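Student: Take a look at this one; I'll ask things after.
The values are calculated or read from the model by the stated rules, or taken from the named source; none is laboratory data. For clarity, every value in this text was computed on a predicted model and none was experimentally measured. Cβ coordinates were reconstructed from backbone atoms using ideal geometry, including for glycine residues, and neighbour counts include every protein chain displayed. Remember, those area values only see protein heavy atoms, side chains included, never the ligands or the DNA or RNA. Shrake-Rupley method; radii C 1.70, N 1.55, O 1.52, S 1.80 Å.
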Amino acid sequence: LADAMELMANAMAQEAVSRTANRVAQEARRGGEDELRLERFMNNKLPIFKGGYDPDGAQSWIEGIERIFGAMRCMDEH
């Protein structure tokens, strides 16, 4: 049961990432600079948060995403 729940959480997390990436991609199509920024972001090895109760894993995921944004010199508003 725990394995099934973990698989379901992973599938839901991947779906959320996919929906977010699709939404961001649609918005980026409206502007060339934003499109290039998204492409650069997606070309990084993005950390995947696997869901479930894992505060340390969540913090690690956030730090990984923030490192990518920092390396890309993204402004806070973006």
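Student: Can you report the number of residues in region 34-56 which are assigned to a helix (DSSP H, G or I) and within 15 Å of VAL17 (Cβ to Cβ)? I'd like the intermediate steps shown before the answer.
Tutor: Here is the first cut: in region 34-56, the residues assigned to a helix (DSSP H, G or I) are 34-42, 55-56.
Going one step further and asking which of them are within 15 Å of VAL17 (Cβ to Cβ), we end up with 38, 41-42.
The qualifying residues number 3.
Student: Find the residue count for region 51-75, including only residues that are open to solvent by 100 Å² or more (accessible area, probe 1.4 Å), at pLDDT 80 or above and more than 13 Å from the chain's Cα centre (by Cα).
Tutor: Within region 51-75, the subset open to solvent by 100 Å² or more (accessible area, probe 1.4 Å) is 53, 56, 66-67, 73, 75.
If we keep only those that are at pLDDT 80 or above as well, we get 53, 56, 66-67, 73.
This time we only want the ones that are more than 13 Å from the chain's Cα centre (by Cα), so: 53, 56, 73.
Selection size over region 51-75: 3.
Student: Could you grab the pairs with beta carbons closer than 7 Å, sequence gap of 6+ or different chains, first residue in region 27-50 and modelled with pLDDT of 75 or more, second one of a type in the set (Phe, Trp, Tyr)?
Tutor: Pairs that qualify, where the first residue is modelled with pLDDT of 75 or more and the partner is of a type in the set (Phe, Trp, Tyr), are PRO47/TRP61.
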